[in-house]
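Asker: Below you'll find the structure I mean.
The values are calculated or read from the model by the stated rules, or taken from the named source; none is laboratory data. The structure displayed is predicted, hence computed values, not measured ones. Cβ atoms come from the backbone with ideal geometry, glycine included; neighbour counts cover every protein chain shown. All accessible areas refer to the heavy atoms of the entire protein, side chains included, with ligands and DNA or RNA removed. Shrake-Rupley method; radii C 1.70, N 1.55, O 1.52, S 1.80 Å.
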There are 2 protein chains.
Amino acid sequence: MPSSWATFGRDLHLDLSGPGGRRAGLIRALRDAVRSGRLAPDTRLPSSRSLAADLGLARNTVADAYAELVAEGWLTARQGSGTRVAWRPLPDGGRASTRPRTGPAARRTPVRAGRPDRPRFDLTAGTADVSAFPRTAWLAAARRALTAAPSEAFGYNTPAGRPELRTALADYLARARGVRADPERIVLCAGFPQGLSLLSRALGPGRIAVESYGLDFHRAVLTRAGLDTVPLPVDAHGADTRQLAGLDDVRAALLTPAHQFPTGVPLHPDRRAAAVNWARSAGGYVLDDDYDGEFRYDRQPVGALQGLDPDHVVHFGTASKNLAPALRIAWMVLPDRLVDPVLELKGTGEWQSGALDQLTLADFLASGAYDRHLRGMRLRYRRRRDQLVAALAERAPHVRVSGIAAGLHAVLELPPGTEQAVVEAARWQGLALEGLSRFRDPTAPQPTRDALVVAYGTPPDHSFTGVLDALLRALPPAL
Amino acid sequence: MPSSWATFGRDLHLDLSGPGGRRAGLIRALRDAVRSGRLAPDTRLPSSRSLAADLGLARNTVADAYAELVAEGWLTARQGSGTRVAWRPLPDGGRASTRPRTGPAARRTPVRAGRPDRPRFDLTAGTADVSAFPRTAWLAAARRALTAAPSEAFGYNTPAGRPELRTALADYLARARGVRADPERIVLCAGFPQGLSLLSRALGPGRIAVESYGLDFHRAVLTRAGLDTVPLPVDAHGADTRQLAGLDDVRAALLTPAHQFPTGVPLHPDRRAAAVNWARSAGGYVLDDDYDGEFRYDRQPVGALQGLDPDHVVHFGTASKNLAPALRIAWMVLPDRLVDPVLELKGTGEWQSGALDQLTLADFLASGAYDRHLRGMRLRYRRRRDQLVAALAERAPHVRVSGIAAGLHAVLELPPGTEQAVVEAARWQGLALEGLSRFRDPTAPQPTRDALVVAYGTPPDHSFTGVLDALLRALPPAL
């Protein structure tokens, strides 16, 4: 939140006036900043020395204020991690201190400050390592893109999104994901949920098959758009798309073929064919949520399903995993007959998104910066994954790990009935993570498997060994 | 579209192969680029000399290809304006070559290329001069903002939008618009229509009063959100808010108090008071659409209505008129009890917008760049307005002009029954503009006034004298 530590106090507009002197004023001002959300949870505060210098106070005054706020639960202090804003409970309706309400992070429960089990590291699935956002390369692309952009780019743009980005994506998706893309059939949207909502509304009311393991907020988007969801069982070959043929009135199937979320298996080639054959014969659509298809480590990426039949498969991609969720840029590659209905809905003016980042991403793709960034991230995630697998093989060989050929998370199988206890134990070790049952569609008849979903992308490098130690301490011993 | 003329051919991936030689190949490739939308309407093509050099062709080959495409109606060539992509009719459903479908521009009808009445200048109300977007200052702000941003800013953000921007806006709105703002009551959205839609849904079903002159797509947003609109007459003192007290079941009134759109009058102080008094006593809300409140030329801006009663007035502002519609950044300052319902709706993940431009705008505001830009634009628009008023006074003194104290457009009163003919005449003079009747709520009992709505912000400086000449030729002579 502060633009730099040196200007922390000024940028936060800390007002130290009022009764009780400077120490009381600082406590009050910091408390207000936390309460109002100007200081977000987990923000690291400057050292007492530097804040004191910045505000012209004695260092002890600041140190005392910090100590008081730690005692009150507003801040936390930990050796090596500095003084940080605490995650707080939500007495006020949860505005200021909730975690984001969208994206996979929306599922997380805020935890009470000051409890010994406050997680220090976030291993919940769904977020990429945003600390690796390529700021310098992005700014260079922005400079090129904004300098070259025609004036009309700054005006009202078409609902489909900037043609520069649609053209760059068509090239990229053909090359990297085997998508048969045409800029005219690409519609840009502000994240996957918006695309899914637009498409669902364009399909009209009816039923849609969804994988029995997945994200509840995706099911919620479908329901709000007027579709009824029907669970499709997931096994070691991915979603059982053979069952689609036996379902009545299903208009579409939402799948994660490249890397089932969260179990991590790729959809078996026979199941891929079954999905597309069903769509063709039933006049339905397969929605391919290709959320992390680029992060495949041990062999070539599994090609996007859309290449099999662009008239019956909608390809969804996003910049959230590959670059940053903050961009809110995702894309749909649509069958021709869905383009106009989707643009009609998007053209109401309520769904538009900014064009400048679209222009920048177009340059980022065309200049090769995107490929360079992905190569770097793939190496980084792969190293993380290898460390996790090696640690488990050495110190917990009884724990089977799966879903590791791709993506940013792994699934650790647990003995039946232990999942909740292990999640709790991990929390006591300072790790936020979730059990597989968290992702199960509650309406699915399929029985629960006990497993942990472990995302390994976000902890900082220097702490990853400690994170693995903590995880291993939380796992049940061999029987 | 091309990132520079020097790389135009390469960036467009012009494929000159195929039957009939290079000239035929170039014609085919350019036609495809226009048809597919890769070359947008009105894009200026490089000179035949520079495209020839870029593609390694003889200059005559390119000149011949341009001439052929002009003859076919794909391109237009005009002295002084170069070769440009034509606005085309829409045989294919209108995707590639339609004008934007949202914002005021969405109301415009595409015109056929090659007809003698093709408008060369756009005087329709609703767009700012986007050619004046401060690219360099914006990029400098982006560099500062992205360099200083905490890592979490690149992750999933809260539905309210970045706290940096909400804080900067709270300061700015208090100072410049008299808004009693608090960052916690500001919700950022992707343009005014999104904010209006979110708020309407939060209000729940019921009736809403709207000015009898306004934008039809605003009424459409309200209707889609489940509200029934009730027209409120507009006269020389603005909307007649005294009538609100006599309307049953009205939950809110959508007004443009600073500068009624499109008639241009500020809301009379008595009417301001009547609106707020009604909201207070009826438990309703006034929605203040402050779309161009900063552009006031002859005296201090009319303060935002919200300052009178922050618990019953919602303040809406936007960066579309002051910076660029392409940003898709607007804001609502909400009464406390509407904050949670609005965030609840926005938090579904379908409405989120990008955070990087929010961070950049926060820096742009806090660094003073926004004030500098507004000062420059105010001078520029004011000069334009003065030229228009002077030309009318000198050469058409019988035409009364109003609504000129603020904003980016003026209203020219016409003799009864002449409006449509004048709009047509202006089109023959190469000007796209609209009559006042275009903005009248068709359900309003109020009779039509004949008038022209003339936006003067967008024509380039060097052509503005010519635009005024053309406008004067279209006006009816004195009786």
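Asker: What are the chymotrypsin sites (Phe, Trp or Tyr not before Pro) within the range A:253-354 that DSSP puts in a loop, where the Cβ has at most 16 other Cβ atoms within 10 Å? Intermediate results must be reported in sequence, preceding the final value.
Answerer: Values: sites: A:Trp278, A:Tyr285, A:Tyr291, A:Phe295, A:Tyr297, A:Phe316, A:Trp331, A:Trp351; in loops: A:Tyr291, A:Phe295, A:Tyr297, A:Trp351.
Hits after loop and neighbour filter: A:Tyr297.
Asker: Sticking with this one: Over chain B, with every protein chain in place, what whole percent of the accessible area is carbon and sulfur at 1.4 Å, could you tell me?
Answerer: Details: 9180 of 17620 Å².
The computed percentage sits at 52.
Asker: How long is the gain from B:Ser437 to B:Asp371 if the chain were fully straight, where each residue apart is worth 0.36 nm and the alpha carbon distance is subtracted?
Answerer: On the way: separation 66, 0.36 × 66 = 23.76 nm, distance 3.52 nm.
Stretched fully, the B:Ser437-B:Asp371 segment lengthens by 20.2 nm.
Asker: Something else about it: Report the label-to-label distance for A:Val389 and B:Ser463 in nanometres (one decimal), using points 7 Å from each Cα along the Cα→Cβ vector.
Answerer: 6.2
Asker: Work out, in µm²/s and without decimals, the Stokes-Einstein translational diffusion coefficient of the range A:208-261 at 20 °C, 1.002 mPa s, Rh from Kirkwood over C-alpha pairs.
Answerer: On the way: Rh = 11.4 Å.
Diffusion coefficient, whole number: 188 µm²/s.
Asker: Then there is this: Per the helix-only calculation at 222 nm, which mean residue ellipticity applies to chain A, given -39500 (n - 2.57) for every DSSP H run of n ≥ 4 and division by its residues, nearest 500 deg cm²/dmol? Present the calculation step by step, with values, prior to reporting the outcome.
Answerer: Values: 14 runs with 176 residues, N = 479.
My calculation for chain A gives -11500 deg cm²/dmol from helical runs alone.
Asker: Using a 1.4 angstrom probe and counting only protein chains, how large is the accessible area of A:His373 in Å², to 10?
Answerer: Accessible area of A:His373: about 20 Å².
Asker: Return one whole number: the accessible area per residue of the protein assembly as shown in Å², for a 1.4 Å probe. Could you put the intermediate results ahead of the total?
Answerer: On the way: 35090 Å² over 958 residues.
For the protein assembly as shown, the solvent-accessible area averages 37 Å² per residue.
Asker: In whole Å, largest first, what are the principal axis extents of the Cα atoms in the protein assembly as shown?
Answerer: 102, 83, 53
Asker: Now for a separate question. For B:Arg120 and A:Ala220, what is the calculated FRET efficiency with R₀ set at 45 Å and r taken between the beta-carbons, to the nearest 0.05?
Answerer: The formula returns an efficiency of 0.35 here.
Asker: Relative to 2.2 N^0.38 Å, what does the C-alpha radius of gyration of the range B:142-183 come to as a ratio? Two decimals please. Numbers along the way, then the final one.
Answerer: Values: Rg = 12.2 Å, N = 42, 2.2 N^0.38 = 9.1 Å.
Compared with the compact-globule rule of thumb, the range B:142-183 sits at 1.34.
Asker: Right, next: Along the range B:411-416, what does the Karplus equation 6.51 cos²θ - 1.76 cosθ + 1.60 (θ = phi - 60°) give for ³J(HN,Hα), rounded to whole Hz, x for Gly and Pro?
Answerer: For the range B:411-416, the Karplus curve yields 10, 10, 6, 10, x, x Hz.
Asker: State the answer as a single residue: which of B:Gln260, B:Asn322, B:His312 lies farthest towards the positive end of the charge dipole of the range B:134-368, with beta carbon charges of +1 for Lys and Arg and -1 for Asp and Glu, about the Cα centre.
Answerer: Highest projection toward the positive end goes to B:Asn322.
Asker: Same structure again: Where the label is 7 Å out from Cα toward Cβ, how close does A:Arg175 come to the same position in every other copy, in nm, shortest first?
Answerer: Label-point separations across copies, in nm and ascending: 4.6.
Asker: Taking a label point 7 Å from Cα toward Cβ, how far is A:Ser131 from its twins in the other copies, in nm, shortest first?
Answerer: When each copy's label point is compared with this one, the spacings are 4.8 nm.
Asker: Let me ask something else about it. From the label point of A:Ala421, set 7 Å along Cα to the beta carbon, how far off in nm is each other copy's matching point, shortest first?
Answerer: Taking the point 7 Å beyond Cα along Cα→Cβ, the inter-copy spacings are 9.2 nm.
Asker: Continuing with this model, one more query. Report, by chain and number, residues whose modeled amide H sits under 5 Å from the one on A:Tyr213, excluding near sequence neighbours (fewer than 5 apart, same chain).
Answerer: Under 5 Å from the amide H of A:Tyr213 lie the amide H atoms of A:Val234, A:Asp441, each far enough along the sequence or on another chain.
Asker: So how much accessible area does A:Asp336 have, in Å² to the nearest 10, using a 1.4 Å probe?
Answerer: For A:Asp336, solvent-accessible area is about 90 Å².
Asker: Turning to a different aspect of this structure: Looking only at Cα atoms, what is the convex hull volume of the range A:134-368 per residue, in Å³?
Answerer: Working: hull volume 26.8 nm³, N = 235.
Each residue corresponds to 114 Å³ of Cα convex hull volume.
Asker: Further, regarding this structure: List for the range B:175-215: residues with 20 Å² or greater reduction in accessible area, all protein chains versus chain alone, probe 1.4 Å?
Answerer: Listed by number, the residues meeting the 20 Å² cut-off are B:Glu184, B:Ala190, B:Pro193, B:Gln194.
Asker: Let me ask something additional. Can you give the percent of C-alpha pairs in chain B whose distance is more than 28 Å? Present the calculation step by step, with values, prior to reporting the outcome.
Answerer: On the way: 65802 of 114481 pairs.
It works out to 57 percent of all Cα pairs.
Asker: Using Stokes-Einstein with the Kirkwood hydrodynamic radius over Cα pairs, what translational diffusion coefficient do you get for the range A:311-419 at 20 °C and a viscosity of 1.002 mPa s, in µm²/s rounded to a whole number?
Answerer: Working: Rh = 17.7 Å.
Diffusion coefficient, whole number: 121 µm²/s.
Asker: Another one. Once A and B are treated as a pair rather than alone, how much accessible area drops out, both sides summed, in Å² to 100, probe 1.4 Å? Working shown, then result.
Answerer: Numbers: alone 20770 and 20920 Å², together 35090 Å².
Interface area, both chains combined: 6600 Å², rounded to the nearest 100.
Asker: Something else: Compute the semi-axes of the equivalent ellipsoid of the range B:15-68, taking the square root of 5 times each eigenvalue of the Cα gyration tensor, and list them largest first in whole Å.
Answerer: Values: eigenvalues 57, 41, 16 Å².
Equivalent ellipsoid of the range B:15-68: 17, 14, 9 Å, largest first.
Asker: Could you please report the charge total around B:Ser353, scoring K, R as +1 and D, E as -1 over all other residues with beta-carbon less than 13 angstrom from its beta-carbon? Show your work: numbers first, answer last.
Answerer: Numbers: positive: A:Arg328, B:Arg162, B:Arg328, B:Lys346; negative: A:Glu350, A:Asp357, B:Glu350, B:Asp357.
Once all neighbours under 13 Å are counted, the net charge is 0.
Asker: Name the residues of the range B:324-341 whose accessible area falls by at least 50 Å² when all protein chains are present instead of the chain alone, probe 1.4 Å?
Answerer: Residues losing area: B:Ala326, B:Arg328, B:Asp340.
Asker: Hey, if you drop one equal point scatterer on each alpha-carbon of the range A:136-221 and run the Debye formula without solvent, what base-10 log of I(q)/I(0) do you get at q = 0.11, 0.13, 0.15, 0.23 Å⁻¹?
Answerer: Normalising to I(0) and taking log10 leaves -0.47, -0.64, -0.81, -1.23.
Asker: Kindly identify residues of the range B:344-365 having a loss of at least 40 Å² in accessible area between the isolated chain and the assembly of all protein chains, probe radius 1.4 Å.
Answerer: B:Thr348, B:Gly349, B:Glu350, B:Gln352, B:Leu356, B:Asp357
Asker: When only C-alpha pairs under 8 Å and at least 6 residues apart count, what is the relative contact order of chain A, in percent? Could the numbers behind the result be given before it?
Answerer: Working: 877 pairs, mean separation 81.4, N = 479.
Once divided by the residue count of chain A, the mean separation gives 17 percent.
Asker: A:Leu475: net charge of surrounding residues, Cβ under 14 Å, Lys/Arg +1, Asp/Glu -1, itself excluded? Working shown, then result.
Answerer: Values: positive: A:Arg395, A:Arg400, A:Arg427, A:Arg473; negative: A:Glu394, A:Glu413, A:Glu419, A:Glu424, A:Asp450, A:Asp469.
It works out to a net charge of -2.
Asker: Between A:Leu472 and B:Arg400, how many nm apart are label points set 7 Å from Cα along the C-beta direction?
Answerer: Each label point is offset 7 Å from its Cα along the Cβ direction, giving 8.7 nm.
Asker: How big is the dipole moment of the protein assembly as shown about its Cα centre under a simple scheme where the beta carbon of each Lys and Arg is +1, that of each Asp and Glu is -1, and everything else is neutral? Debye, nearest 20, please. Provide the component values of the computation, followed by the final result.
Answerer: Details: 122 positive and 100 negative charges, 375 e Å.
For the protein assembly as shown, the charge dipole is close to 1800 debye.
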